[in-house]
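Below you'll find the structure, written out as structure tokens, and then a few comments.
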Amino acid sequence: MTQVSRIPVHKEIENRMYDLFLTSITSLHQQHAVGEFLEDLLSPTERLMLAKRLSVAFLLYKGYTHRDISSLLKVGLGTVSKLSLDLQVKGNGYRRVIETI
């Protein structure tokens, strides 16, 4: 299971690491290059979790019910509800990606 150390990283270092992460992804302009990077970076469980999260957002955007999404993707209703709330409160990144699908 993925874990993060309980010892906090200084906020400035955390921000710089995140910037490096974003720069790394945006520097890859071809789908196969992004795929190779994510294959190296993420565990199979992490890849599945991220794919399911995006799929939940997509199905919510398309108007599917929480129960239908839960049953179809084999995720808990709590997961669907949390993502639904996230999309209502923020979700601009999800919407931008979903609109390109």
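The values are calculated or read from the model by the stated rules, or taken from the named source; none is laboratory data. This one's a predicted model, so the numbers in the text were calculated from it and none came from an experiment. Counting neighbours? That spans all protein chains shown, and the Cβs are built from the backbone with ideal geometry, glycine included. Just the protein is used for accessible areas: all its heavy atoms, side chains included, with ligands, DNA and RNA removed. Shrake-Rupley method; radii C 1.70, N 1.55, O 1.52, S 1.80 Å.
Out of the stretch 28-41, which residues are closer than 20 Å to Gly93 by Cα and surrounded by 10 or more Cβ atoms within 10 Å (Cβ to Cβ)?
Leu28, Val34, Gly35, Leu38
Can you run down the residue pairs with Cβ atoms below 7 Å, 6 or more apart or on separate chains, where the first is in the stretch 82-94 and in contact (Cβ under 8 Å) with a residue 12 or more places away in the chain and the partner is part of a helix (DSSP H, G or I) and open to solvent by 100 Å² or more (accessible area, probe 1.4 Å)?
Hits for this filter: Leu83/Arg53.
Quickly run through the stretch 19-37 and pick out the residues that are free of Cβ contacts under 8 Å to residues at least 12 places away in the same chain and within 20 Å of Arg96 (Cα to Cα).
Our first condition is that a residue be free of Cβ contacts under 8 Å to residues at least 12 places away in the same chain; within the stretch 19-37, this holds for 19-23, 26-36.
Passing the criteria: Asp19, Phe21, Leu22, Thr23, Thr26, Ser27, Leu28, His29, Gln30, Gln31, Val34, Gly35.
Being exposed (fewer than 15 other Cβ atoms within 10 Å of the Cβ), over 15 Å from the mean Cα position of the chain (by Cα) and at negative phi is the filter here; which residues of the stretch 43-80 pass it?
Lys62, Thr65, Arg67, Asp68, Ser71, Leu72, Gly76, Leu77, Gly78
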